[in-house]
Amino acid sequence: MAQALLNNYDIKIVPGSFHVWLLLPEPWRAMEFQALLEEKEVKVLPAETFAIGRFPAPQAIRICLTGPATINLLEAGLSIIKRQLDEGYDSRSMVF
């Protein structure tokens with residue numbers, strides 16, 4: 001489902017995994033994207049959360065596929081993510 005809905009974007013899927021990584025297009029930053037999605041009640045984690053050491057984290061988010069209680073909620077969340085990406089970046093809408 002994630003691959004079908006986000007097929008125009010750079011997603012990394014490991015077969016059998018419970019999550020996918022979405023590499024954000026420029027000029028998105030993961031923390032900004034996460035905050036916008038949270039306002040829409042979609043929770044994701046920025047790659048920075050998983051960074052170790054002093055190496056820079058990619059501008060990416062981790063999407064948990066098993067978090068939502070139903071497949072319909074998962075589809076709704078993925079659709080919100082896709083819609084946000086399709087709308088593009090607007091610095092006037094940033095929450096920071």
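The values are calculated or read from the model by the stated rules, or taken from the named source; none is laboratory data. Everything numeric here is computed off the predicted structure, so don't read it as measured data. Here the Cβ is made from the backbone with ideal geometry for all residues, glycine too, and neighbour counts use every protein chain on show. Surface areas here come from the heavy atoms of the whole protein model, side chains and all, with no ligands, DNA or RNA. Shrake-Rupley method; radii C 1.70, N 1.55, O 1.52, S 1.80 Å.
Can you tell me which of Leu22, Leu45 is touching a residue at least 12 places away in the same chain (Cβ under 8 Å) and surrounded by fewer than 17 Cβ atoms within 10 Å (Cβ to Cβ)?
Answer to the check: Leu45.
Would you tally the residues in segment 51-72 being farther than 16 Å from Phe33 by Cβ, open to solvent by less than 80 Å² (accessible area, probe 1.4 Å) and not small (Gly, Ala, Ser)?
Number of matching residues: 3.
Does Phe33 satisfy the condition of being in contact (Cβ under 8 Å) with a residue 12 or more places away in the chain and open to solvent by 50 Å² or more (accessible area, probe 1.4 Å)?
No, not satisfied.
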